[in-house]
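The values are calculated or read from the model by the stated rules, or taken from the named source; none is laboratory data. All figures in this text were calculated on a predicted structure; none of them were measured in a lab. Heads up, the Cβs are rebuilt from the backbone with ideal geometry, glycines too, and the neighbour counts pull from every protein chain shown.
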Amino acid sequence: MAFYLASKEVWRNKGRYFLFSLVIALITTLVLFTAALAEGLASANREYLSKLDAQLIVFQKNVDLSANASQIGESLLTSIKRIEGVETVGAIGLSSATIVFSSSQQSQQDVSLIGVEPGKPGLPPVLSGRSLKTTRAREVIIDQRIAKKFEIKPGDNLTIKTVQGTDEKFFVLKVVGITNGGQQYLFRPSIFVPYRTWDEIRSQPTPSIIKPDLIFNIVAVKISAGQDASEVASRIQSGVKDIEVTDIATAIRALPGYTAQQSTLNTQQIFTLLIGVLVIGGFFQIQMLQKIPQIGVLKAIGVSNTIVAIATVLQIVLVTTFGVVLGSAVTFMLAALIPSTVPIIFNGSLVAIATTALLLIGPLGGLVTVRLAVSVEPLIALGLSS
Amino acid sequence: MQPVLIAESVSKIYSNNGSSVRAVDNVSLDVKAGEFVALVGPSGSGKTTMLAVLASLLRPTLGHVQIDGHDLNNMNETERVRFRREKIGFTFQNNNLLPYLTVQENVEMMLKLNQKLDKEGRERARQLLIWLGLEDRLNSLPNRLSGGQKQRVAIARSLIHNPSLVLADEPTANLDSERAYQVVKVFSDLIHEQNKAGIMVTHDLRLCIYVDKVIQMRDGKIEQVLTTRQEIDDFIACA
């Protein structure tokens, strides 16, 4: 009976309910786009770190987990390696560079230039070509996105531009391998070079000179199987001076602007959902106020409060579900038209969470309406009130 | 013949800020099957409150109401809702019909509500509507009907589920005289034909030509009960 009443009313007033579904569809589109943008921006910032084949990251002490500020000498690597529970470590140097394809400004590509140790944590797996083999070779592994965009393949040469002192320096590197496309760091695609090569070609205030103790930014630590990451972290922390050890998640949260950006976008999503609750609640409340005499008659002729409440919830669910489905469809169609430069990623679990939240805001917004519907007295049908 | 409806010494007292108002004061009445009764009186005489008590929409402060042998005082809210659904048919002054159901669906709703809607029930609803002159309106929504047509649909709805008691609250209040007479005549004919007990609250005394008994109320009390045709006709003539 409840479904009969709810569906008949929606169907016979389809224009009105469709318009309202459009409002819900717009809210859905906004929430999904914000979620996709948050995921896209987060991913562009953290991708490299989140895919590291390591469980811990070592920073210099007192740099607030800033990878750029952190400086760790080569000599510390040995100390970290000796700690019980550490399987292997990989030094990682982080800086930026520009790939130059011609003299034209349009064919340059800013990248994260990452120095890694061949065969150690920090070097991502390659999809084609081969991995880095030596620590000094002028070789590079590039992100699949760059390879696709500029049609680069293993065996090609790349020209890298960095700034050393006040001069722009150009270095030619041979592409030996291509890694998967998910290796962005600080919103730039990454290229990987051997750590000694990195130290020579990276941007730095003074031209590179041969140093006795090579300086990196961070160290990726892979722990032995069966070891507890937090215990190993404590051992490293207490066994090695002037360092700070964190897990990957903490290191990601410490990325420049990451937390502020994510909390801003999450707040925006929450406010959009709250607005959704208010809009849906308001619409159904006005609808219900108009229907009070009808509800009174229904109750007078013997329709129970349960049927009235279920019919009200069903209507809200029907309209909300239609709006969310419509909004999701529109979002995915629009997403296909948006240029690839816009960082949006529709992560399955995030979309599921967002759509579930959107489906729940209908009944949540309609709670007051259901309460009103249940409280209507059948005496209203006779123009009386208790 | 045992009355379908028996109301014994019914009072409804409202309390407000320490003072009390007797909307219905010690009223007793009965209605038999096939009897159509008019409850008349000026505004504030307590006739609608009495109707609400008889319809199990209000609990009396004092007294008892029995319908078909069931004492309404012994029922909880859930039982009262079910009792209304099964045993009582209603026609109201306004907002009678659900605007999103067609004429036929509005009538069938009482059968659906009582889980009695089948092929035979649908046909019965159709025939009743045809009998009421609504053959070409079966699939119309209420907003396409005139006031008189709406009330005829409401009458059909009040009778389709075979209730013991049919109650009508000012069913002609929004109709012109000609349509008011038509509607009440139809109501009266159906109540007599289907052997139901019927009560109609009205302020229009001329409509009493179609009823079998007139109960006149004033200040919550029964002022007079007219039971013969002559008494009723004289009452209408005086009015």
Is segment A:287-305 home to any residue that is closer than 30 Å to A:VAL63 by Cα, at pLDDT below 85 and surrounded by 15 or more Cβ atoms within 10 Å (Cβ to Cβ)?
no
Name every residue in segment B:116-139 that is within 14 Å of another protein chain (Cβ to nearest Cβ) and at pLDDT below 90, in order of residue number.
B:LYS116, B:LEU117
Residue in segment A:194-203 that is surrounded by 13 or more Cβ atoms within 10 Å (Cβ to Cβ), modelled with pLDDT under 85 and either among the small types (Gly, Ala, Ser) or more than 30 Å from A:ILE99 (Cβ to Cβ) (or both) present:
no
Could you say which residue among A:GLY327, A:GLY282 is in contact with a helix residue (DSSP H, G or I) (Cβ under 6 Å, 6 or more places away or on another chain) and more than 27 Å from A:GLN183 (Cα to Cα)?
A:GLY327
Out of all the residues in segment B:85-107, which are surrounded by fewer than 24 Cβ atoms within 10 Å (Cβ to Cβ), assigned to a helix (DSSP H, G or I) and within 11 Å of chain A (Cβ to nearest Cβ)?
B:ARG85, B:GLU86, B:LYS87, B:GLU105
Sole exception among (1) in contact (Cβ under 8 Å) with a residue 40 or more places away in the chain; (2) assigned to a loop (DSSP other than H, G, I, E, B); (3) out of contact with any strand residue (DSSP E or B) (no Cβ under 8 Å at 6 or more places or on another chain) for A:SER102, by number:
(1)
Specify the residue that is surrounded by the fewest Cβ atoms within 10 Å (Cβ to Cβ); the eligible residues are those in segment B:49-84 that are under 19 Å from A:ASN305 (Cβ atoms) and out of contact with any helix residue (DSSP H, G or I) (no Cβ under 8 Å at 6 or more places or on another chain).
B:ASN76
If A:SER102 satisfies all but one of (1) surrounded by fewer than 16 Cβ atoms within 10 Å (Cβ to Cβ); (2) closer than 24 Å to A:PHE171 by Cβ; (3) modelled with pLDDT of 85 or more, what's the number of the condition it fails?
(3)
Consider only pairs whose beta carbons are under 7 Å apart and that are at least six residues apart or on different chains; among these, list those whose first residue lies in segment A:242-269 and is of a type in the set (Lys, Arg) and whose second residue is outside any strand (DSSP E or B).
A:ARG253/A:THR259
Being in contact with a Pro (Cβ under 7 Å, 6 or more places away or on another chain) and closer than 16 Å to A:PRO194 by Cβ, is that true of even one residue in segment A:140-161?
no
Quick one: count up the residues across segment A:1-60 that are within 14 Å of chain B (Cβ to nearest Cβ), of a type in the set (Gly, Ala, Ser) and surrounded by 18 or more Cβ atoms within 10 Å (Cβ to Cβ).
2
Surrounded by 17 or more Cβ atoms within 10 Å (Cβ to Cβ) and more than 14 Å from every other protein chain (Cβ to nearest Cβ): is that true of A:LEU113 in this structure?
yes
Restricting the search to segment B:140-170, which residues are part of a loop (DSSP other than H, G, I, E, B), more than 12 Å from chain A (Cβ to nearest Cβ) and within 18 Å of the chain's Cα centre (by Cα)?
B:ASN162, B:SER164
Subset of segment A:326-384 that is within 14 Å of another protein chain (Cβ to nearest Cβ) and assigned to a loop (DSSP other than H, G, I, E, B) - its residue that is surrounded by the most Cβ atoms within 10 Å (Cβ to Cβ):
A:VAL376
Criterion (under 26 Å from B:LEU62 (Cα atoms), surrounded by 17 or more Cβ atoms within 10 Å (Cβ to Cβ), of a type in the set (D, E, K, R) and in contact (Cβ under 8 Å) with a residue 12 or more places away in the chain) met by exactly one of B:ASP219, B:ASP204, B:ASP169, B:ASP212:
B:ASP169
Hey, A:GLY302 within 14 Å of chain B (Cβ to nearest Cβ), outside any helix (DSSP H, G or I) and under 30 Å from B:LEU54 (Cα atoms) or not:
yes
Quick check: is even one residue across segment A:305-320 under 16 Å from A:THR29 (Cα atoms) and assigned to a helix (DSSP H, G or I)?
yes
Need the failing condition index for A:VAL308 against (1) within 14 Å of chain B (Cβ to nearest Cβ); (2) under 24 Å from the mean Cα position of the chain (by Cα); (3) aliphatic (A, V, I, L, M), just the number.
(2)
Looking at this structure, is A:VAL175 buried (at least 20 other Cβ atoms within 10 Å of the Cβ) and in contact (Cβ under 8 Å) with a residue 24 or more places away in the chain?
yes
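Quick grid of which residues meet (1) among the hydroxyl-bearing types (Ser, Thr, Tyr); (2) away from chain A (no Cβ under 14 Å); (3) under 26 Å from B:GLN216 (Cβ atoms); (4) assigned to a loop (DSSP other than H, G, I, E, B):
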site	(1), (2), (3), (4)
B:GLU8	no, yes, yes, no
B:SER11	yes, yes, yes, no
B:VAL21	no, no, yes, no
B:VAL24	no, no, yes, no
B:VAL37	no, yes, yes, no
B:LEU51	no, no, yes, no
B:LEU58	no, no, yes, yes
B:ARG80	no, no, no, no
B:PHE83	no, no, no, no
